[in-house]
1. Consider region 310-319. How many of its residues are outside any loop (DSSP other than H, G, I, E, B) and not hydroxyl-bearing (Ser, Thr, Tyr)?
2. Test of understanding: among Ala23, Ala28, Ala18, Ala6, which residue is in contact with an Asp or Glu (Cβ under 7 Å, 6 or more places away or on another chain) and at pLDDT below 95?
3. Which residue out of Tyr301, Tyr316 is of a type in the set (Ser, Thr, Tyr), buried (at least 20 other Cβ atoms within 10 Å of the Cβ) and at negative phi?
4. Of all residues in region 144-185, which are in a loop (DSSP other than H, G, I, E, B) and either closer than 21 Å to Pro54 by Cα or without any contact (Cβ under 8 Å) to a residue 24 or more places away in the chain (or both)?
5. Output the residue which, of all residues in region 319-338 that are aliphatic (A, V, I, L, M) and buried (at least 19 other Cβ atoms within 10 Å of the Cβ), is farthest from the chain's Cα centre (by Cα).
6. Does Ser209 fit the bill of being out of contact with any Lys or Arg (no Cβ under 9 Å at 6 or more places or on another chain) and either modelled with pLDDT of 85 or more or more than 17 Å from Leu308 (Cβ to Cβ) (or both)?
7. Name every residue in region 54-106 that is assigned to a strand (DSSP E or B), buried (at least 17 other Cβ atoms within 10 Å of the Cβ), of a type outside the set (Phe, Trp, Tyr) and in contact with a Ser or Thr (Cβ under 9 Å, 6 or more places away or on another chain), in order of residue number.
8. If I ask for residues that are of a type outside the set (Lys, Arg), part of a strand (DSSP E or B) and closer than 20 Å to Gly326 by Cβ, which ones from region 286-309 would you list?
Amino acid sequence: MRILTAVLVLAAAPFTTAAPAAAQTGAAAQFAGTYSLVTIEAKDPATGRWSARPDFNSNGYIIYAPTGQMAVHIQPKVRSKYAGATPTAEEAAAAMRGYTMYFGGYTVNGNEQFVVHHRVGNVNPGAVVDAKRYFEFVTTPQGRERLILTPAPGNTGPKAQATTRLIWERQDAAPLSAEQEKFVGFYKLLYTDRYRTKDGRMVFHGDPSGKAGGRVTTQAGTSYIIYTDTGHMMVIQMNNSGRVKYAAAQPTPAEALAAWRSIGGYFGRFVTFENQNPPYVIHSQQGTSTPGAYSDQQRFYQFTGDVLRLGGPPRYDAETGELEGGHLYWQRMKAGEK
């Protein structure tokens, strides 16, 4: 499965400002922000010293919202492209090596210095839901703030026994336009739809199967899109049913392919073009679940209250003379929602 191709917004609606959500307090408040991956370190068991892994070659971001949501996306910088349009089982297994992508909520224990990621969705369908990470905030000699996250051994073990940690650096707020600022936040997918038009008239609009009252809900509730005040964005879409846990710790090629078909996403930066008709936003990809498929994704948009509708350019069917496309409807998330 790849990210659904959404399509042309047919009309524009006025933007309505949502009521501000309650912010995190205490130790949790320090987490809010967007961080880029600097390196992954390993501990020398003989000396206890940490040093960058010699094979480190990844990029990615972790995002914490002041309203309690989080998401992370890490990928190797060098990944083999698929030979065809869709991966074979072996290609899917290769694409998943070193790849991390999940989202959900988070809670912080300031006294014991750990954060728990309450994962709603994960590229690994059988991974533990509540993932414990010890944390430490440090400042570099250059004045940059970094967040060190150390996975708890076995998810419950003490920090002293940990052998791996991830170093993240806080990204600065960007000089966003007023229109870009409207986007900032975490959104959860409500539903998608499809449409066909011909000669400027609607031929079909709704669910192609004729079910669910015209709304496709296959990925509803388990898909996020995120826009940040640093100018970054991230999207993860996952099927909300039918995902099967691996039989062993590592997936077989067949299991990897099944998991890969049920989830997809990308991350990068965003910029709005609100003076166009209809207005659109560009998602400039820096990483994606499809190896080597980086591109600038155009999405026409419309805000209606807390709902953001996105859709990409429609496709023309030469046989029928119709334009075919669809929309994704995302609802801004509230404080504590995951």
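1. Selection size over region 310-319: 5.
2. On the way: Ala23 fails: in contact with an Asp or Glu (Cβ under 7 Å, 6 or more places away or on another chain); Ala28 fails: in contact with an Asp or Glu (Cβ under 7 Å, 6 or more places away or on another chain); Ala6 fails: in contact with an Asp or Glu (Cβ under 7 Å, 6 or more places away or on another chain).
Step by step, each of Ala23, Ala28, Ala18, Ala6 is checked, and only Ala18 is in contact with an Asp or Glu (Cβ under 7 Å, 6 or more places away or on another chain) and at pLDDT below 95.
3. Every option except Tyr301 fails the conditions.
4. Gly157, Pro158, Ala162, Thr163, Pro175
5. Leu323
6. Numbers: out of contact with any Lys or Arg (no Cβ under 9 Å at 6 or more places or on another chain): yes; either modelled with pLDDT of 85 or more or more than 17 Å from Leu308 (Cβ to Cβ) (or both): yes.
Criteria met by Ser209.
7. Ser58, Gly60, Ile62, Ile63, Val72, His73, Ile74, Gln75, Pro76, Thr100, Met101
8. Step one: of region 286-309, the residues of a type outside the set (Lys, Arg) are 286-298, 300-308.
If we keep only those that are part of a strand (DSSP E or B) too, we end up with 286-288, 296-298, 300-304, 307-308.
Within region 286-309, Thr288, Asp296, Gln297, Gln298, Phe300, Tyr301, Gln302, Phe303, Thr304, Val307, Leu308 qualify.
The values are calculated or read from the model by the stated rules, or taken from the named source; none is laboratory data. Because the structure is a prediction, the values reported are computed rather than measured. FYI the Cβ positions are ideal-geometry reconstructions off the backbone, even for glycines, and counts take in every protein chain you see.
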